[in-house]
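Engineer: Got a structure for you, written out below as structure tokens; questions coming shortly.
The values are calculated or read from the model by the stated rules, or taken from the named source; none is laboratory data. Note that the coordinates shown come from a computational prediction; the quantities given were computed from them, not determined experimentally. All Cβ positions, even for glycine, are placed from backbone atoms using ideal geometry, and neighbour counts span all protein chains on display.
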Amino acid sequence: MVGRTVVITGASAGIGAAAARQLRALGARLVILGRSPQRTAAVAAETGALPVVADFARLADVRRAAAEIIDACPRIDVLMNNAGGLFPAQTRTEDGNELTFQVNHLAPFLLTGLLLPRLSATPGSRVIVTSSVVNALGRLDAHDLDRAQRRYQQFGVYFDSKLANVVFARELARRAAPGWPTATAVHPGVVESSFGRDTWFVHTFYRPLRLVGARTPAGGARPLVALATRQDPEAVNGAYLHRYKVRDRFFTGRRARDTELGRALWEYSAARVGLPG
């Protein structure tokens, strides 16, 4: 990874920070994004990364962060869309979007779109999206993507956002023009971290997860780093990986392969974040 630039979101803790450490050991130049100024600065100091503070609950922060990255990086070899959240109550952001869906999907969609020219100018670039095996439980509806016609469910929204990660990666690959980056969604495994710490479910089940072998953040980061260093990214362009193995049909639902849903999600997302379709 010497001479290559990797941008990692959600890198102030958890698997994002672990991925930064592993990629730094391989010689990569790092840009890390995090919501906490203190934690982001601490990881940056440890890894020699450029720290960028951004709260994905504010799309204005995403636009500012993208401008900082473009100014600082003449090339971007890897964009690792790893930031995500699971929130205990229904909340609308200042941008008018449901909080979980914005943080997990719309903000990464916007960041990718804003960085796409720089990614496309870098040969062999790639976009990696941290999804989850729970994408198979997602129920995205092309006619109700904002869930306005459905009762709010904390986990239902989260499952939808993880399905959106897979659909987004597939659609980015499908729309690829010459020079565009490859795109891959990946489930890193069950990882013991601070993710979802404010929810009763995670709070209750972390201890049992430890007993059945939940991975450390370092273990969860390894599949992401493997994708960042893979010699044949075209072989997994548009794919969903369950850690290291392609599992497009075994661990994804039918909706993940719905081309019409991919188009609808792309157009809806572009409209919500202010990008051309």
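Engineer: Return the residue satisfying two criteria in turn: it lies in the stretch 205-245 and is aliphatic (A, V, I, L, M) and more than 18 Å from the chain's Cα centre (by Cα), and of such residues it is modelled with the highest pLDDT.
Structural biologist: Ranking the candidates gives Ala235 first.
Engineer: Restricting attention to the stretch 91-114, does a residue exist that is of a type in the set (A, V, I, L, M) and over 22 Å from Glu267 (Cα atoms)?
Structural biologist: So far as the stretch 91-114 goes, no, none of its residues is of a type in the set (A, V, I, L, M) and over 22 Å from Glu267 (Cα atoms).
Engineer: Please count how many residues of the stretch 83-121 are in contact with a strand residue (DSSP E or B) (Cβ under 8 Å, 6 or more places away or on another chain), of a type outside the set (D, E, K, R) and farther than 15 Å from Ala66 by Cα.
Structural biologist: The total comes to 4.
Engineer: How many residues does the stretch 123-156 hold that are in contact (Cβ under 8 Å) with a residue 60 or more places away in the chain, surrounded by 19 or more Cβ atoms within 10 Å (Cβ to Cβ) and not basic (Lys, Arg)?
Structural biologist: Number satisfying all stated conditions: 8.
Results for (1) touching a Pro at 6+ places or on another chain (Cβ under 6 Å); (2) touching a residue at least 40 places away in the same chain (Cβ under 8 Å), shown as yes or no for each residue.
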| residue | (1), (2) |
| --- | --- |
| Ile15 | yes, yes |
| Leu23 | no, yes |
| Leu33 | no, yes |
| Ala42 | no, no |
| Thr47 | no, no |
| Pro51 | no, no |
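Engineer: Considering only the stretch 116-155, how many residues are at negative phi, at pLDDT 95 or above, in a loop (DSSP other than H, G, I, E, B) and more than 18 Å from the chain's Cα centre (by Cα)?
Structural biologist: 3
Engineer: Take the residues of the stretch 156-204 that are over 15 Å from the mean Cα position of the chain (by Cα) and aromatic (Phe, Trp, Tyr): which is modelled with the lowest pLDDT?
Structural biologist: Trp200
Engineer: Among the residues of the stretch 64-87, write down those that are closer than 24 Å to Met1 by Cβ and part of a helix (DSSP H, G or I).
Structural biologist: If the condition is that a residue be closer than 24 Å to Met1 by Cβ and part of a helix (DSSP H, G or I), then Ala65, Ala66, Glu68, Ile69, Ile70, Asp71, Ala72 are the ones that fit.
Engineer: Out of curiosity, is Arg118 in contact with a Pro (Cβ under 9 Å, 6 or more places away or on another chain), closer than 18 Å to Leu224 by Cα and basic (Lys, Arg)?
Structural biologist: no
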